[in-house]
1. Which whole-Hz ³J(HN,Hα) couplings does region A:41-54 yield from phi under the Karplus relation 6.51 cos²θ - 1.76 cosθ + 1.60, θ = phi - 60°, glycine and proline marked x?
2. Over region B:2-232, with the other protein chains present, what is the accessible area per residue in square angstrom, probe 1.4 angstrom?
3. Taking the alpha carbon gyration tensor of region A:8-121, what are the square roots of 5 times its eigenvalues, largest first, to the nearest whole Å?
4. Order A:218, A:256, B:114, B:18, most accessible first, counting only protein heavy atoms with a 1.4 angstrom probe.
5. With contacts defined as alpha carbon pairs under 8 Å and 6 or more residues apart, what's the relative contact order of chain A in percent?
6. Averaged across the residues of B:80-87, what count of C-beta atoms belonging to other chains lies within 10 Å of each residue's C-beta?
7. Who wins for biggest fluctuation among A:117, A:204, A:125 in a Gaussian network model of chain A, springs between alpha carbons below 10 Å?
8. When the Kirkwood radius is taken over all Cα pairs of the protein assembly as shown, what Stokes-Einstein diffusion coefficient follows at 4 °C and 1.567 mPa s, in µm²/s?
Amino acid sequence: MIGKSMRFWIVRFLTIVGILLGMFFLSKIITDNLDSYYYQILIQCGIFITLAVSLNLINGITGQFSIGHAGFYAVGAYVGASWTLLWQPRFLHSAPFLQMGTTFGDAINLVIALVLGVLAAAMAGFVVGLPSLRLRGDYLAIVTLGFGEVIRIVVLNIDEVGGARGLSGIPTLVSTGGMAVFWVFLLVIAVVVLSKNLLQSVRGLTWLAVREDEIAADAMGVNTTKVKVTAFVIGSAFAGAAGVLYAHFFTGISPDVFDMNTSIVITTMVVLGGTGSVTGAILAATLLTSLPEMLRFLKDYRMVIYSLSLIIMMLTRPQGLFGTKEIGWKSFHRRRRTSAGGSAAA
Amino acid sequence: MLTISNLTVFYGAIQALDSISLEVNQGEIVTMIGANGAGKSTTIRSISGLVRPRSGEIIFEGKPIQELPAHEIVKIGIGQSPEGRRVFANMTVRENLELGAYTRLQKKVEVSSDIEKMFTLFPRLKERERQSAGTLSGGEQQMLAIGRALMTRPRLLLLDEPSLGLAPFLVQSIFQIIRDINRQGVTVLLVEQNANQALRIANRGYVLETGNVVLAESAENLLKNDDVRKAYLGE
């Protein structure tokens, strides 16, 4: 007989395999049929969704207003690109499994780049988060903004990674076999599932408690410093992953891709979507990434209309497009509210 | 149970507590009364670890706790309802209570029976179980704040101004509830502006003035004391 928990894991495993296969074929179809211009926009949307949803973990769910997200995005991009462009060819070029150019070799190298990029960004998040999260509100915002810039300036001054010229000719690992969209999908799903699961868990409740009232959370025995730093590290790690994919799709990176403007765009996505709302962040990221492209027919007036639409959105819905609500799994969400009590009563 | 000796606290350059000492024994209700700025809330915050004292000792059940962070202090059995209630406004009443017990949420049966106890103590909260806490009235929020603090299963409960901003008839019932909680074996340290009510339910009282304890007596004697009557009971 198969035990209950065993069956649970089998079902879960099969679900994951099914989703992966589905995504794989979907990616294939998209790659084969989509115009490369739209394809690029799609990739960019995915990357910005990851950035916005990961920043939402920090800004929205834990309520720590950070506006230096591009810094961690940069760390991921640079460390990932350093692996494929500098370290792997220099030190491990003869390793049999790490040959680039084959589908398998590319995938392995990309995974290694992702792991390194994520670790580095998480570490940067920890180093930046630990001291700055003692601050609140506007002070925290200023410090994170500053740290984001510090990271960019540090990169700007490391000659090994090209300084102001940046790195170019990064191998397009994610494009082999039409896999770019697949990897981006994977990342987006990972960050969204993590956020959703968090919101339905006890741990998520303590994160929300920190947002609601830090002193009260403290008084309930929540280790608020730990919660804030954890949120910051996880958010930074996902930004790092997004950076790795960016570097390996667009094949060129330079410090100005990760400047303050990028940080502010990501923050705008979170606020516009409705601070705390995962679905809001997804929608706003998609909108803000594709809108400038969709408005190209307006020629010179493009950015004027873009800015105006932002202003109108903020004026008409100051709480963000979604407020703190979620769509899609609404019934699911409602079930959490009751099941939090229901399961406790069981 | 709790012994504070020579506790001195500064906020920047401003001295909030000047070497105060006080004691709370097992099973008592002890109240601190005094004007605004006398240092009542600062004392509570020092005990609960939200403020670091400059010098002095806080001993709880034989162990010094003045260096412990706030979340550790909850775990050793000191619960608190902070000043101004501070309920989690966007969470439901039930979620607020669950957060009080968050360190032991795995024990679902135990937590849920504790929540039921809170609903027996505060029937109004039962009616509002699925409502978000921000929509409750001031009195109900105060009940929730006390309930949430009790969910941490404290042996010592710190209450900071529980009657603040409540309608008079609610004040009565809040004090009645505090007395009930105490009868169930929870020691209470109560900070109150409403000295009259506080002294009526307390065993002992401390009168604080500008960071000093100026009087420490049984509540009964304090209620009879002429200076106290003039200064704090409005007679």
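The values are calculated or read from the model by the stated rules, or taken from the named source; none is laboratory data. Since the structure is predicted, the reported quantities are computational estimates derived from the model, not experimental observations. Here Cβ is always computed from backbone atoms with ideal geometry, including for glycine, and neighbour counts include all displayed protein chains. Quick note on the areas: whole protein, heavy atoms, side chains included, nothing else; ligands and nucleic acids left out. Shrake-Rupley method; radii C 1.70, N 1.55, O 1.52, S 1.80 Å.
1. 5, 4, 4, 4, 4, x, 5, 6, 4, 4, 4, 5, 5, 6
2. So region B:2-232 comes to 41 Å² accessible per residue, rounded to a whole number.
3. 26, 23, 18
4. From most accessible down to least: A:256, B:18, A:218, B:114.
5. Taking the mean separation of contacting Cα pairs over the length of chain A, I get 30 percent.
6. What the average comes to for B:80-87 is 4.
7. Looking only at A:117, A:204, A:125, the biggest GNM fluctuation is shown by A:204.
8. Estimated diffusion coefficient is 48 µm²/s.
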